[in-house]
Structure formats: structure tokens, C-alpha cells
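In what follows, a structure is listed as C-alpha cells, so that the remarks can point back to it.
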Amino acid sequence: MVHAVVGAQYGDEGKGKMVDYFAVQAQMVIRYQGGGNAGHTIVNDYGKFALHLVPSGIFNPDTVCVLGAGVVVHPGNLVKELHALQQGGIRTDKLVISERAHLVMPYHIWQDEYEESLRSEQVGTTKQGIGPAYQDKIGRFGVQVGEMRDEARFRARIESAFEAKLRREPALASYGTLDAMVEELMAARKVLLPHIKDTIPLVREAVESNQYVLLEGQLGLMRDVDWGIYPFVTSSNPVAGATSTGAGIPPTAITRVTGITKAYTTAVGSGPFPTMLEDANGIFLQEKGQEFGATTGRRRTCGWLDLPTLRYGAWLNGYTELALMKMDVLSQLDQIGICVAYELDGERFDSPPPAYLLERVTPVYEYLPGWSEDLSDCRSFEELPARAQNFVAFIESKVGVPIRYVSVGPDRKQTIVR
Ligand code: GDP
Ligand code: IMO
Ligand code: MG
């Protein structure tokens with residue numbers, strides 16, 4: 001079975017937790033897009049980890065973890081991440097990196113910083129060089145991971161790629177030197193070489209022999225470069241359609257798509273967020289939900305759940321099921337808002353329009369009664385208070401997709417299956 005796990009909102013929905021949960025049974029986990037901008041927090045018997053690039057299947061010694069061709073890899077940061085995992089007692093030898101993935105070069109991180117300073121309205125990027133690396137890939141200036149293999153050729157390639165970059169962006173010359181860059185990349189090269197492969201035979205064998213293959217997304221639908229709140233988006237496609245191109249699997253092989261959504265909404269970075277709360281409820285969700293970015297440490301803004309976004313994703317991502325995360329955070333609210341539609345100039349929208357319109361919409365809310373009970377020890381749907389069960393049933397009926405998982409805490413064990 002090929003099973004995609006995708007973010008249904010603005011990122012940080014809890015994809016890492018659910019991929020870790022599913023990975024116990026998976027033979028392979030493939031990251032299909034994005035790079036070190038991810039912050040996927042995992043809590044399991046090994047401890048608490050924040051993964052940025054490594055697939056969230058790494059805690060399973062028998063699971064092969066693949067970085068697909070759609071991913072961008074910062075070699076130095078990946079080496080640091082592998083080192084941190086090894087120090088936590090985690091084996092990392094099952095990590096495979098596609099020779100076709102692209103490198104995030106040190107100058108891409110400089111460019112991310114520089115280009116943000118040029119914008120009239122900042123995107124609020126993670127400054128991990130993601131946008132510039134994808135720009136170079138699409139612009140055909142990029143360097144593929146496989147090019148690291150031949151040492152002499154790679155050295156020459158770094159030099160020529162940096163020169164070409166400086167011809168296009170002369171301002172980057174003041175950010176660092178070629179020598180330091182070569183030294184950093186050569187050191188990382190030594191560690192990464194054994195992991196670099198042609199991933200097609202491996203992935204093909206897994207799919208053709210009917211193994212359980214998980215596809216792990218980074219970020220969420222609303223930050224998708226085509227379908228999100230452009231230009232306040234990332235430079236790749238978190239949507240399920242990109243699993244095929246990014247992982248190297250035919251679209252017809254993907255049979256299960258789990259959309260991951262919080263029971264409310266959060267975002268880091270700029271752009272329209274119709275259900276954002278600037279009142280005591282927003283502060284409650286931020287504090288109780290501990291909503292801080294795992295990569296940048298930035299405070300996430302919080303708001304009520306947005307059903308137009310879930311409905312939009314139900315079509316675009318083809319969810320076969322949803323996982324509703326962080327239900328435990330909602331306890332103790334008198335009433336819980338749910339946005340069921342938007343209004344703009346007298347017109348009703350059931351799914352999000354592009355950002356230039358979304359920034360002007362007014363959310364239409366329905367309010368459901370809250371509950372006071374703590375949910376974190378509930379292990380079955382029946383143990384949830386009736387009002388919490390109603391909340392789940394209400395979302396399900398409005399979105400038209402079954403909510404198969406309800407998460408009541410960060411730990412792998414705090415997951416209710418229906
Ligand atoms: P990802 O980027 O989609 O993998 O999500 P993040 O890891 O960035 O953010 C989700 C945060 O919520 C992490 O700190 C998780 O440990 C935490 N988390 C996940 N599920 C739950 C849950 O059901 N309840 C609570 N309280 N925290 C959760
Ligand atoms: P995970 O995988 C939340 C946001 C940034 C910014 C926009 C573009 O943990 O869900 P980028 O650095 O990609 O060019 O930034 O996307 N962003 C994230 N927000 N979680 C993430 O990753 C994010 N990765 C990027 O804040 O608005
Ligand atoms: Mg995250």
C-alpha cells in the first residue's frame with residue numbers, strides 16, 4: 001500500500017507525529033518535497049526529537065527512509081541532524097538520498113535572507129534557503145545531490161555554480177567566501193556519500209512487492225506554491241499530487257491519503273489567515289497548544305478551525321481520511337468556533353479563493369459547546385465527552401471525509417483510532 005500523509009492547513013498540523021505512528025508498520029518512508037524548513041516534532045519511547053529533513057520513519061530500525069528527488073538538501077544541516085539522532089541512540093544507516101534531489105547551497109541561505117530584505121511585503125520564510133534552491137532548480141542553475149560523488153568534479157561545480165550565482169546576485173559576495181563554502185560542503189560530502197543512491201530500483205521494488213510505503217509531506221495545503229496563499233507560500237507543492245513526482249511513484253499506485261489537521265488553525269509567516277483570533281481565545285490556544293515553530297522558534301498565530309480549507313483539501317488532496325490533532329488543547333473553552341464558509345461583497349465562498357481575495361473575506365462561524373474534561377488519557381472514541389464526540393461528528397458531516405484518528409497528546413500512544 002502506498003499511503004500519503006499530507007498537511008491540510010498551514011503546516012505544523014502534526015504530520016511528524018502521525019508519520020511516526022504509521023511508520024511502526026511501514027517498510028519505507030519517503031519525504032517527497034520541501035527541505036530543512038520542516039519542524040516535525042516526534043515524541044516516542046526514544047524521547048522527543050525535532051526532525052527537519054530526515055523522514056519521520058527513522059525511529060524504526062527496519063524502515064528505509066528516503067529523501068526523494070522533490071526534496072532540497074542542505075548537506076551541512078543534514079549531517080548535524082543525523083549526528084543529533086545518533087547521539088539519541090537512533091540508527092541512521094537506513095537513510096537514502098535520491099541522487100536527483102537538489103542541494104541547498106550555503107549561498108541559497110544568504111539569498112533567502114537577502115531577498116526577504118528586498119520584498120515590499122515579506123513572506124516570513126524560515127531562512128533555510130528553500131525558495132532560492134527551488135528557484136535555481138527550476139531555473140536550471142541547481143546542483144543535484146549525485147554530483148557530490150566525484151570529488152574533483154564537485155569541487156569545480158561548487159566554484160562554477162557560485163560564480164554563476166554572483167553574476168546574477170552580486171550582493172551575495174559580501175556574505176561569505178568560496179573557500180569556506182568548499183570546506184563545509186566537502187566535509188558533509190564524506191558523511192553523506194554512502195547514503196546517495198538511485199532510489200528508483202529501491203522504491204519500485206517496495207511498491208511492486210506490495211510493501212507499506214509512506215509518503216511524508218512537509219508544510220500544508222495553504223502554503224502550496226500553486227494552491228496556497230500565493231505569494232505567502234513555500235516554493236514547492238505540499239499537495240498530494242506532488243507525492244508522485246517527488247517520490248518517483250506513479251500516481252495510480254497511491255491509494256490512501258491522510259489529511260492531517262489540528263482541531264483549530266495555526267500559522268507562522270505572513271499572509272491571509274481568515275480565522276485568526278486576536279482575543280483571549282487566541283492566547284489560550286497559543287499557550288495551551290504550546291504553539292511555537294519547531295524550526296524558527298517563532299510564535300504561531302492561532303485561530304478557529306477553518307472548514308472551507310478542509311473542504312478545498314478534500315478535493316485537491318483526495319483525502320481518504322482525516323486525522324484530527326490536538327483535540328486535548330480545546331478542553332476548558334466555553335464554546336468553540338468553527339468557520340463554515342466565508343463572505344465577500346455579499347457572495348458566499350465554500351472554499352478559499354486566492355490570497356488577494358482571501359485577505360478581504362469575513363468568516364461565517366458556528367459555535368459548538370465546549371467541554372471541561374481533560375482528554376489526554378482517553379484512548380477510545382467512546383471515552384471522549386459527548387460534546388467532544390459531537391465536535392468531531394460536526395466536522396465530519398461538513399467536510400464529507402471520515403475522521404479516522406483523533407489525537408489527544410503529542411505521544412505516539414495518545415492516538416484514538418475510530
Ligand atoms: P508537523 O510540522 O506537521 O510535523 O507538526 P509540528 O511537529 O511542527 O507541530 C505539532 C506540535 O504539536 C508538536 O509539538 C507535536 O509534539 C504536538 N502535537 C502533535 N499532536 C498533538 C496532540 O494531539 N496534542 C498535543 N497537545 N500536542 C500534539
Ligand atoms: P512543517 O513541515 C510552518 C512557512 C514560513 C513562510 C512560508 C515560506 O513543520 O509544517 P519557506 O522557508 O518555506 O520559504 O517559507 O512557509 N513555513 C512553515 N510554516 N511549518 C513549516 O514546516 C514551514 N515551512 C515553511 O513561515 O510563511
Ligand atoms: Mg512543523
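The values are calculated or read from the model by the stated rules, or taken from the named source; none is laboratory data. Here the structure is a predicted model, which means the values were calculated and not measured. All Cβ positions, glycine included, derive from the backbone under ideal geometry; neighbour counts span all protein chains shown. Heads up: the accessible areas ignore ligands, DNA and RNA and are worked out on the full protein's heavy atoms, side chains in. Shrake-Rupley method; radii C 1.70, N 1.55, O 1.52, S 1.80 Å.
Looking at the square roots a ≥ b ≥ c of the eigenvalues of the Cα gyration tensor of region 51-136, which shape do they give, rounded for a/c under 1.5, prolate if a/b is larger than b/c, or oblate? Prolate, because a/c is 1.5 or more and a/b exceeds b/c.
Here is the size of region 102-193 from its Cα atoms: Rg then Dmax, 13.2, 42 Å. The listed peptides 206-213, 173-180, ordered by packing as a protection proxy, come out as 206-213, 173-180 (highest mean of other Cβ atoms within 10 Å first).
Under the shape rule built on the C-alpha gyration tensor, where the axes satisfy a ≥ b ≥ c, region 243-318 is prolate, since a/c reaches at least 1.5 and a/b is greater than b/c. Heavy-atom surface analysis with a 1.4 Å probe gives region 295-354 a carbon and sulfur content of 45 percent of its accessible area. Using only side-chain charges placed at the Cβ, +1 for Lys and Arg and -1 for Asp and Glu, the dipole size of the chain relative to its Cα centre rounds to 880 debye.
For K165, a cut-off of 26 angstrom between C-alpha atoms picks up these lysines, skipping any fewer than 8 places away in its own chain: K80, K127, K137, K190. Of all the options S372, S160, S120, the one that moves most in a Gaussian network model of the chain with Cα springs shorter than 10 angstrom is S120. Principal axis extents of the Cα atoms in the chain, from largest to smallest and rounded to whole angstrom, are 66, 49, 38. The spread of Cα positions in region 198-262, taken along each principal axis and listed from longest to shortest, comes to 40, 27, 17 Å. The residues of region 154-270 expose, per residue, 43 Å² of accessible area to a 1.4 Å probe. For the chain, the 222 nm mean residue ellipticity estimated from helices alone, with every DSSP H stretch of n ≥ 4 adding -39500 (n - 2.57) and the total spread over all residues, rounds to -9500 deg cm²/dmol.
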